[in-house]
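The values are calculated or read from the model by the stated rules, or taken from the named source; none is laboratory data. Please read all numbers here as calculations on a predicted model, not as lab measurements. Cβ placement follows ideal geometry from the backbone for every residue including glycine, while neighbour counts extend to all protein chains displayed.
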Amino acid sequence: MNSQINDLYRQARLDAGHEKGFEATVQDVYQKFARLIVRECDRLNRQQSFELSGVITDTEHGSGFDSVCLDTVKRVEQYLAGNVFAQHFGVAE
């Protein structure tokens, strides 16, 4: 596994224990680990949302839909169609 997953797991072990005020159970750690992974995926998607927000702003209030907007939409489409999460976490095949 890549270091990002290992880091999230270590963080989950620490956070779960602090939240409980004692040694966390395996289930506590797994739940925290899952939440951390989902948050990281949300963070990655939010970056793409910001990209599309720029296209919307340009189209509605700016110069309209131009080649920069088209390039952005294509880049976001490729991101969504790809295996970005697997690559990000180092588990892509």
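Some points to look at:
- Long-range neighbours under 7 Å by Cβ, at least six apart or interchain, first residue farther than 20 Å from L44 by Cα and of a type outside the set (K, R) within the range 1-22, second in a helix (DSSP H, G or I) and modelled with pLDDT of 85 or more: D15/K32; A16/D28; A16/V29; A16/K32
- Consider the range 12-30 and keep the residues that are surrounded by 14 or more Cβ atoms within 10 Å (Cβ to Cβ) and part of a helix (DSSP H, G or I). The one that is modelled with the lowest pLDDT is G17.
- Matching residues, the range 45-66, being outside any helix (DSSP H, G or I) and in contact with a helix residue (DSSP H, G or I) (Cβ under 8 Å, 6 or more places away or on another chain): G64, F65, D66
- Selection status of T72, touching a Cys at 6+ places or on another chain (Cβ under 7 Å) and of a type outside the set (D, E, K, R): no
- Test: L52 is at pLDDT 90 or above and within 18 Å of the chain's Cα centre (by Cα): yes
- Meets criteria (charged (D, E, K, R) and under 15 Å from I5 (Cβ atoms)) for R35: yes
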